[in-house]
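I have placed the structure first, in the form of structure tokens, so that the comments after it can refer back to it.
Every number in this text was worked out from the coordinates using simple rules, so none of it is lab data. Quick caveat, the model's predicted, so the values are computed rather than measured. Methodologically, a virtual Cβ is constructed for each residue, glycine included, from the backbone with ideal geometry; neighbour enumeration extends over all protein chains shown.
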Amino acid sequence: MGYQTMLLFLLASLLLQILKINAKVPAIIVFGDSSVDSGNNNEISTVLKSNFEPYGRDFNGGQPTGRFSNGRIPTDFISEAFGIKPTIPPYLDPTYNITHFATGVCFASAGTGYDNATSDVLSVIPLWKEMQYYKEYQKTLRAYLGNEKANEVLGEALYLISIGTNDFLENYYLIPGRSSEYTIEEYQNFLAGIAKEFITELYQLGARKISIAGLPPMGCLPLERATNIFSGSDCVEKYNDVSKDFNEKLQEMVMELNKELAGMRLVFSNPYDILLDMIQDPNKFGFEDAVTACCGTGFFEMSYLCDNVNPFTCSDANSYVFWDSFHPTEKTNQIVADHVVKTCLAEFL
Ligand SMILES: *[C@@H]1O[C@H](CO)[C@@H](O)[C@H](O)[C@H]1NC(C)=O
Ligand SMILES: *[C@@H]1O[C@H](CO)[C@@H](O)[C@H](O)[C@H]1NC(C)=O
């Protein structure tokens, strides 16, 4: 290599290095429901909690945290994949402060939804309140890092939103109200509209890298299958169709917003196919059971019904796709997170 070529080469790799440093995600900021709540519900008055055994049985050697799983949840694995930290602390937990939240914070609340009426069902944190907490967090972060550095972190951070299942299963199809007001399609449009407003507000507050997650195959959650007992506990196709339809609406909304909001990179993270694959062919992934959950009888237990005196809880959660009747095991969460990082979030790595 000649001297000039060498110099050019060095300059080019230096430039690449700089670009890489600038592209680094300094923090992960999470909004949503139990799919990503790392323990905020421990701090509020609701019956929807999981800060007791056997939850967390495989978390850091056995530690219930308020995560609805036997171990970590997808956002923890995503944080780790981005070279940040192995777990994302919940905003309301007083044992953490801004020194921890500066690299990742979770505002999610189990049982919540896009719709205010959903968070009312079990008295959990509504999505608008998660946004208020985020605004409060911005102030604390600016006081801690200074304006310039804080704005840089807020702009380069990756925002993860995962919510929506409860709007259908805990609200629309369970209690009267929304179902007499809206057809299912109207309700989906109503929710997608809230999602759009939420993301637009995040953008106005400085967020630029955002992922919004789609719904899982809701009809295959053990709780829903258990109601299908006369059809051999098959997945409830009606609910899976709602998931697919709603995911399509979200995907369209993502395309629109990417055109409307300059400089934003919004991605749609779809867990549907990988989860359905695990449910239909559990052996391929090293699971033995995808129909019933590990906890209790595996058909209906979650939250306080999934406790340590239940004699039926399985001994090896790794052979189950689902931990309780509504939530995946840590192993499933890891597979979903790996998949989402590779297919949807890779551009932010
Ligand atoms: C945050 O918590 C740590 C302990 O985990 C403590 O040492 C530190 O002083 C606290 N910082 C602030 C700013 O409160
Ligand atoms: C939900 O409630 C908040 C607070 O009362 C309100 O600002 C917001 O407009 C409501 N959202 C919808 C879609 O009704």
Checklist entry - If you average the sequence gap of Cα pairs under 8 Å that are 6 or more apart and divide by the length of the chain, what percent do you get for the contact order? => result 18
Checklist entry - How large is the helix-only mean residue ellipticity at 222 nm for the chain, computed as the sum of -39500 (n - 2.57) over DSSP H runs with n ≥ 4, divided by its residue count, in deg cm²/dmol to the nearest 500? => result -13000 deg cm²/dmol
Next on the checklist: I'd like the distance separating the alpha-carbon centroids of segment 204-278 and segment 58-89, in whole Å.
Outcome noted: 22
Checklist entry - Which residue, N270, N147, N40, has the most motion in a Gaussian network model of the chain that connects Cα atoms within less than 10 Å? => result N147
Item to check | Net charge of neighbours whose Cβ lies under 12 Å from the Cβ of V242, counting Lys and Arg as +1 and Asp and Glu as -1 | outcome: -4
Item to check | Percent RCO, i.e. relative contact order, over segment 218-281, from Cα pairs under 8 Å lying at least 6 residues apart | outcome: 23
Item to check | Exposure proxy ranking, count of Cβ atoms within 10 Å, fewest first, for M302, M264 | outcome: M264, M302
Next on the checklist: Below 8 Å between Cα atoms, with a sequence gap of 6+, how large is the relative contact order for segment 192-338 in percent?
Outcome noted: 24
Item to check | Gain in span if fully extended, L305 to I44, counting 0.36 nm per residue against the direct Cα distance | outcome: 92.1 nm
Item to check | Residue-count net charge about C306 - beta-carbon cut-off 10 Å; Lys, Arg +1, Asp, Glu -1 | outcome: -4
Checklist entry - Which of T65, T75 comes first, and how do the rest follow, when ranked by fewest Cβ neighbours within 10 Å? => result T65, T75
Checklist entry - When the chain is treated as a GNM, springs tying every alpha-carbon pair under 10 Å, which of F268, F68, F107 comes out with the largest mean-square fluctuation? => result F268
Next on the checklist: At a 4.7 angstrom Cβ threshold, list every cysteine in the chain that has nobody to pair with, or say none.
Outcome noted: C106, C344
Checklist entry - Of C294, C314, C306, which is the most mobile in a GNM of the chain whose springs link Cα atoms less than 10 angstrom apart? => result C314
Item to check | Residue exposure sequence - T87, T118 - by fewest surrounding Cβ within 10 Å | outcome: T87, T118
Item to check | Estimated distance in nm for a label pair at Q138 and T227, the labels positioned 7 Å out from Cα along Cα-to-Cβ | outcome: 3.9
